[in-house]
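Peer 1: Here it is, the structure in full.
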Amino acid sequence: MAEGAVLLRGFARSFETDVIADIGAIVAQAPFRHMVTPGGHSMSVAMTNCGGAGWVTDRTGYRYDANDPAAGKPWPAMPASFRALAGLAAAEAGFADFSPDACLINRYQPGARMSLHQDRDERDLGAPIVSVSLGLPAIFLFGGLKRSDKPQRYRLEHGDIAVWGGPARLNFHGVAPLADGEHVLMGRQRINLTFRKAR
Ligand code: MD3
Ligand code: FE
């Protein structure tokens, strides 16, 4: 896709049964919620996390937090299936020894979108981000280092993994409003896992 950005089509398919079951167990402990941005808007994407740190936003700002603020207790542990999949995908893309401490889980229902942004809340910007797409297909917008750079469009499908590091780590990116549909395994939604080294 660009220097430092690798798309692994279908890479997660052989893990899907375990990964989908593990998402269900996480969501039972830490349900999806629509977080509020510092500007006071409720996000159309619903989120939860697992791992030692979780990404959260509220009126006070964005941060990684060891606790789920809605529950006042730690986020669920990162399942072995998640860890294995993220490590294998990162290695395939040329990033050896990727050990994420955070996994943000995004749920898109029809119409949900994510506007162009950079991921810069992580301490170690040298570590890549590994992104796993499940369920309905989405149009991923991949911009440049300036917000005004015109984004390229990629259709991300169930099982696709993207790995972002090196010079692409701070590129602007987003997701176009999700088109309605029905996925055989996931139903009327798209779920995206992003593995990060937050701390
Ligand atoms: C490119 N999520 O959670 S993942 C996010 O599909 C996020 O839910 C999108 O952007 C989603 O922050 C896109 C792919 C992704 C993640 C991080 C990146 C692409 C990236 C960081 C730099 C450049
Ligand atoms: Fe992002």
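Peer 1: Please list 3J(HN,Hα) in residue order for region 116-129, calculated via the Karplus relation 6.51 cos²θ - 1.76 cosθ + 1.60 where θ = phi - 60°; whole Hz, with x for glycine and proline.
Peer 2: Per-residue couplings from phi come out as 4, 7, 10, 9, 9, 8, 8, 5, 9, 6, x, 7, x, 10 Hz.
Peer 1: With a 1.4 Å probe and every protein chain left in place, work out the accessible area per residue of the chain in Å², rounded to a whole number.
Peer 2: Values: 9110 Å² over 199 residues.
Per-residue accessible area for the chain comes out at 46 Å².
Peer 1: Which whole-number percentage describes the relative contact order of region 5-196, with Cα contacts under 8 Å and a sequence gap of 6 or more?
Peer 2: Values: 443 pairs, mean separation 49.3, N = 192.
Dividing the mean separation by the residue count of region 5-196 yields 26 percent.
Peer 1: Okay, next question. To the nearest 0.05, what FRET efficiency results for Ala25 and Arg120 with a Förster distance of 45 Å applied to their C-beta separation? Don't skip to the answer; put the middle values down first.
Peer 2: Values: r = 30 Å, r/R0 = 0.68.
Taking R0 as 45 Å, the efficiency between Ala25 and Arg120 is 0.90.
Peer 1: Report the trypsin sites (Lys or Arg not before Pro) located in region 58-131 that are in a DSSP loop and have at most 13 other Cβ atoms inside 10 Å of their Cβ, or state none. Before the final figure, lay out the partial values.
Peer 2: Details: sites: Arg59, Arg63, Arg83, Arg107, Arg113, Arg120, Arg123; in loops: Arg59, Arg113, Arg120, Arg123.
Qualifying residues, ordered by number: Arg59, Arg120, Arg123.
Peer 1: Ignoring any ligand, DNA or RNA, what whole percent of the accessible area of the chain comes from carbon and sulfur when the probe is 1.4 angstrom?
Peer 2: On the way: 4780 of 9110 Å².
In the chain, the share of accessible area belonging to carbon and sulfur is 52 percent.
Peer 1: Also, I was wondering about something else. What ranking do 168-174, 147-153 get when scored by the average of other Cβ atoms within 10 Å per residue, highest first? All intermediate terms of the calculation are to be shown ahead of the outcome.
Peer 2: Values: 168-174: 19.0, 147-153: 11.3.
The peptides rank, most packed first, as 168-174, 147-153.
Peer 1: Residue-wise, which Karplus ³J(HN,Hα) couplings in Hz belong to region 75-91, taking 6.51 cos²θ - 1.76 cosθ + 1.60, θ = phi - 60°, and x for glycine or proline?
Peer 2: Result, rounded to whole Hz: 4, x, 5, 6, x, 4, 4, 5, 4, 5, 4, 5, x, 5, 5, 4, 4.
Peer 1: Follow-up. Under a 5 Å amide H to amide H cut-off, with H placed in plane at 1.01 Å, what residues pair with Asn49 once short-range neighbours are removed?
Peer 2: Ile105
Peer 1: Given the C-alpha centroids of region 38-116 and region 149-196, what is the distance between them in whole angstrom?
Peer 2: 14 Å
Peer 1: Could I ask something else about it? Lys73: which aspartates and glutamates have alpha carbons under 15 Å from its alpha carbon, excluding same-chain residues fewer than 8 sequence positions away?
Peer 2: In chain and number order, the partners are Asp65.
Peer 1: A further question on this structure: Looking only at region 76-103, which residues have a backbone nitrogen under 18 Å from a spot 7 Å from the Cα of Ala66 in the C-beta direction?
Peer 2: Correct set: 76-78, 100-103.
The values are calculated or read from the model by the stated rules, or taken from the named source; none is laboratory data. What you see is a predicted model; the values in this text were computed from it and never measured. As a convention, Cβ positions derive from the backbone with ideal geometry for all residues, glycine included, and neighbour counts pool all protein chains shown. In case anyone asks, the SASA skips ligands and DNA or RNA and just uses the protein heavy atoms, side chains included. Shrake-Rupley method; radii C 1.70, N 1.55, O 1.52, S 1.80 Å.
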